[in-house]
Amino acid sequence: MKNSLKNIGLAALLLSAFLTLSWISAREKNKIKHLIQPAGWPAPVYDVEKNPITEEGFTLGRMLFYDPLLSADSTISCASCHLQQTNFTHVDHALSHGIDGKKGTRNSSVLVNLAWSKSFMWDGGINHIEVQPLAPIENPVEMNSRLSIVVAKLNASDRYRQKFRKAFGKKNTITGQQVLKALSAYLLSLQSFNAKYDRVMRSEPGYHFTPAEARGMDVFLKHCNACHTAPLFTNQGFENNGLAPDPYLNDGGRIKVTHQPSDSLLFKVPTLRNIEVSYPYMHDGRYKNLQMVLFHYSSNISNTLHLSPALQPAPDLTEGNKNDLLAFLKTLTDTSFLNQKEFGYPFEDFQ
Amino acid sequence: MAQNRIRKILKHVRNVYFLVGICLGLVVFATTSGKKQNLHVFIQPTFGKQALTLETQAYRSTQGDTVFIDVFRFYISNLQILYRDGKTFSIPNSYYLIDASDTASCHLQLSSLPLGAIAGLSFHIGVDSAKSVSGAHAGDLDLSKGMYWSWNSGYINAKLEGRSPSCLSHKQQFEFHVGGYAHPNNSLRKAIVMLPVNTSAEATSRTLQLQADVSVWFAKRSLREQAGIMIPGKAAMALADEYKHMFRLQNDLYEK
């Protein structure tokens, strides 16, 4: 009797030691990836405490992002419309092409610092990053698939089943939730905060604005910062910046989501980080270059019904101001982000 | 000397394990000894009093439309058991997708409910705003279930699709997708189903059979005039106000 008690005690001891060790090693294995909150930035909107981002989740999300398996006929991946070198937008396409070359009605968004976004898409129709990938997957002119079909395809792949097990534990079947969490782990990690602008602001040795850039920053603070608020270069709000409505596209923007007449022709204020490389510009990609954008703000603002008061009167920009502004906007280009290997095509996953 | 000390420590460790064991035992005892009851809720999709047959069976609505039903799915959430003595018991994290094409989904097995005479059930039809704004969820709330709008975030609380010669739409189809979690277009609705007052029996195991009557969806609408709702708004809320009355108690079977 006494002996068997002793044995039970010993077994319990061993068991708990084993459990503790395996718990520690599991924690070790699924290393938490932290979002970086650069000095002077607000706290991210996405709560990593509640939804930790793991290294495995990130690499799995990256593989999914680059895998055309997500589209109906396996021809289109997320990266088809979101290319890293162009700040993750569709290079040189005003309106994005999806499956069968079908055209959408909007210019593809840049994907940068998304953990700070309160809503997604040009009209803010999507309320959480984790549910965003459902939209392109199920959009008939983008990937034209269904999340349930994607899940079935992934479950049929040994490689994916293994990767999902690594990222999410022992569960045998891949779920829609896991696909979305993995994709958003990758999306959330796309952080850019090492542009020349940031280095100058951090007073890093060797980084100074040229006189033109410094003058450009003054112009920016006066005319642009109300909406494109530093350091994220967006205030996350919805505004009308005086684009003449396109009768062919007939896109009402925010009103599609809220059905409020006062939201007609308002669009989400986009970030200007890496703006130099993410042409063409605006929700419909109507401007091919930044010169045209600056011409818009100085001389081409349409007096639409809900034109933002911040643009009334239109910014008074001389040619000199525009050149300076242009120089300043280029200091927002973060080449280390645009070339960061970690975010690029994962060759090893597709061999 | 050192050996002695180790032996002493080990003895302590053993005592600690002994105590932990007793505590665990007590917890297990406490949770299993208090008597509980099991409740099986069967939600049977019907058209009127008839069990619903999808796709092949023609039904006639009170407005005179002939209808075939292809898809009938809805969420039940925030399920509460109401007791005769006025107490309530909330089923934690209760979100169930009821799908007429999947019989298993129509059976909810609730075990270990507190004892007491059950007076009725209260639940929401749809998914609350907290779950609608907090990302990707698992189980019945998984977005792969096809009950979520991709372009304008939010769950579809209830879905009814089918065909009718009365429809002027493409292929004579009708589609009612009711959702909307945000003010002023919140279409989440509460339903309460009460047992008759004279059944006061306490039971250890009970089956409540409810009917979810599709015909209620058509009671006030003619398909010629309206063959679809696809966005949150006034029309969706009006329909939700009507279909929240579709539940009816059909049977109450119990064992003492």
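The values are calculated or read from the model by the stated rules, or taken from the named source; none is laboratory data. None of these values were measured; they are calculated from a predicted model. Counting neighbours? That spans all protein chains shown, and the Cβs are built from the backbone with ideal geometry, glycine included.
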Residue check for A:ALA244: more than 26 Å from the chain's Cα centre (by Cα), over 29 Å from A:VAL131 (Cβ atoms) and small (Gly, Ala, Ser) | yes
Determine whether region A:341-348 contains at least one residue that is crowded, with 18+ Cβ neighbours inside 10 Å, at pLDDT 95 or above and of a type outside the set (D, E, K, R).
-> yes
So, in region A:93-151, of the ones that are hydroxyl-bearing (Ser, Thr, Tyr) and more than 18 Å from the chain's Cα centre (by Cα), which residue ends up nearest to the other protein chains (Cβ to nearest Cβ)?
-> A:SER148
Search region A:286-308 for residues that are in contact (Cβ under 8 Å) with a residue 12 or more places away in the chain and pair each with any residue that is charged (D, E, K, R) and part of a strand (DSSP E or B) when their beta-carbon atoms are under 7 Å apart and the residues are at least 6 apart or on different chains.
-> A:SER308/A:GLU239
Subset of region A:246-270 (residues that are under 23 Å from A:VAL110 (Cβ atoms) and surrounded by fewer than 16 Cβ atoms within 10 Å (Cβ to Cβ)) = A:ASP246, A:LEU249
Name the single residue, out of those in region A:155-178 being of a type in the set (A, V, I, L, M, F, W, C) and within 11 Å of chain B (Cβ to nearest Cβ), that is surrounded by the fewest Cβ atoms within 10 Å (Cβ to Cβ).
-> A:PHE168
Residue count, region B:149-173, condition in a strand (DSSP E or B) and over 28 Å from B:LYS131 (Cα atoms), comes to 3
Going through region B:167-198 in order, the residues found to be more than 25 Å from B:SER61 (Cβ to Cβ), of a type in the set (A, V, I, L, M, F, W, C) and either at pLDDT 95 or above or not assigned by TED's automatic domain parsing to the domain that holds B:TYR155 (or both) are B:LEU188, B:ILE192
Within region B:99-127, track down each residue that is modelled with pLDDT of 95 or more and over 15 Å from the mean Cα position of the chain (by Cα).
-> B:SER101
Residue count, region B:225-256, condition within 30 Å of B:PHE42 (Cβ to Cβ), in contact (Cβ under 8 Å) with a residue 12 or more places away in the chain and of a type in the set (A, V, I, L, M, F, W, C), comes to 9
Yes or no: B:PRO196 within 14 Å of chain A (Cβ to nearest Cβ) and farther than 16 Å from B:ASP65 by Cβ?
-> no
For residues in region A:235-260 being within 14 Å of chain B (Cβ to nearest Cβ) and outside any loop (DSSP other than H, G, I, E, B), which is nearest to A:PRO315 (Cα to Cα)?
-> A:GLY253
Look at region B:191-230 and say how many of its residues are under 19 Å from the mean Cα position of the chain (by Cα) and hydrophobic (A, V, I, L, M, F, W, C).
-> 11
So is A:SER203 out of contact with any Phe, Trp or Tyr (no Cβ under 7 Å at 6 or more places or on another chain), of a type in the set (Gly, Ala, Ser) and within 19 Å of A:GLN84 (Cβ to Cβ) or not?
-> no
Could you list all residues from region B:222-256 that are in contact with an Asp or Glu (Cβ under 8 Å, 6 or more places away or on another chain) and part of a loop (DSSP other than H, G, I, E, B)?
-> B:SER222, B:LEU223, B:ARG224, B:ALA227, B:MET230, B:MET246, B:LYS256
Is at least one residue of region A:280-292 farther than 26 Å from B:TRP151 by Cβ and surrounded by 18 or more Cβ atoms within 10 Å (Cβ to Cβ)?
-> yes
Qualifying positions in region A:74-101 - part of a loop (DSSP other than H, G, I, E, B) and out of contact with any Asp or Glu (no Cβ under 8 Å at 6 or more places or on another chain) | A:SER74, A:THR75, A:HIS82, A:ASN87, A:PHE88, A:HIS90, A:VAL91, A:ASP92, A:HIS93
Going by the structure shown, is A:THR271 under 18 Å from the mean Cα position of the chain (by Cα) and free of Cβ contacts under 8 Å to residues at least 24 places away in the same chain?
-> no
Tally of residues being at the interface with chain A (Cβ under 8 Å from one of its Cβ atoms) and among the hydrophobic types (A, V, I, L, M, F, W, C) across region B:147-170 | 1
Give me a count of the residues in region A:179-217 that are within 12 Å of chain B (Cβ to nearest Cβ) and among the hydroxyl-bearing types (Ser, Thr, Tyr).
-> 1
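Every residue, every condition in (1) away from chain A (no Cβ under 14 Å); (2) under 18 Å from B:ASP252 (Cα atoms); (3) among the β-branched types (Val, Ile, Thr); (4) assigned to a loop (DSSP other than H, G, I, E, B), yes or no:
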residue	(1), (2), (3), (4)
B:SER105	yes, no, no, no
B:LEU108	yes, yes, no, no
B:LEU113	yes, yes, no, no
B:GLY120	yes, yes, no, no
B:HIS124	yes, no, no, no
B:VAL127	no, no, yes, yes
B:GLY135	no, no, no, yes
Would you check if B:SER144 is within 14 Å of chain A (Cβ to nearest Cβ), buried (at least 18 other Cβ atoms within 10 Å of the Cβ) and either in contact (Cβ under 8 Å) with a residue 40 or more places away in the chain or not in a helix (DSSP H, G or I) (or both)?
-> no
Is there a residue in region A:126-149 that is in contact (Cβ under 8 Å) with a residue 12 or more places away in the chain, of a type in the set (Ser, Thr, Tyr) and under 19 Å from B:GLY180 (Cα atoms)?
-> no
